[in-house]
Amino acid sequence: MGEVFQRPRVEPEERQAFTTTFERDVLRRFVVCAQCGERMRKRSEYQLDHEIPREIGGKHAVENVRPLCIECHKAKTALDAKVIAKAKRLAGETCTGPSRRPMKSGRPLPGTKASGLKRRMNGTVERRNPHGEA
Ligand SMILES: [Zn+2]
């Protein structure tokens, strides 16, 4: 009892450049956008996507990389951001506690109730009575 399951923290492998051989291996398996099926002929028409984001443990390996058209990759990246954020939230890596108010300044603003003083109509200044003895 009392054991709290904690998802192990995943550190992404160091990011490496895609080599041309690597890209050829990926394209041998996919010649179309892996999402919408659009055919892509030029390098500028697609981007390589880690199907399982590396931030949550996806490998930088041919099995986990696929070409996506620019539009699909944009959508996938946005989706990844949500998934990554959720994974981090579940792992307790982000603070979800109540937002903190800024610390109150030690010096109260003069002329306010907080200063503890009040000025009477005749010009004399006296200490406010906090216990309401008007
Ligand atoms: Zn697509």
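The values are calculated or read from the model by the stated rules, or taken from the named source; none is laboratory data. This structure is a prediction, so every number in the text was calculated from the model and none was measured. Neighbour counts run over all protein chains shown; Cβ positions are idealised from the backbone, glycine included.
Criterion applied to 13, 63 was being assigned to a helix (DSSP H, G or I), free of Cβ contacts under 8 Å to residues at least 60 places away in the same chain, on the phi < 0 side of the Ramachandran plot and not small (Gly, Ala, Ser), and the one residue passing it is 63. Selection of the range 16-37 for residues being surrounded by 10 or more Cβ atoms within 10 Å (Cβ to Cβ), modelled with pLDDT of 80 or more and part of a loop (DSSP other than H, G, I, E, B) yields 33, 34, 35, 36. What are the residues in the range 46-61 that are within 14 Å of the ligand (Cβ to nearest atom) and within 24 Å of the chain's Cα centre (by Cα), if any? Scanning the range 46-61 gives 47, 48, 49, 51.
Checked against the criterion of being in contact with a Phe, Trp or Tyr (Cβ under 8 Å, 6 or more places away or on another chain) and either free of Cβ contacts under 8 Å to residues at least 40 places away in the same chain or more than 10 Å from the ligand (Cβ to nearest atom) (or both), the range 32-45 contains one or more residues that satisfy it. Could you list all residues from the range 62-84 that are closer than 13 Å to residue 23 by Cα and more than 13 Å from the ligand (Cβ to nearest atom)? Selection gives 62, 63, 64, 65.
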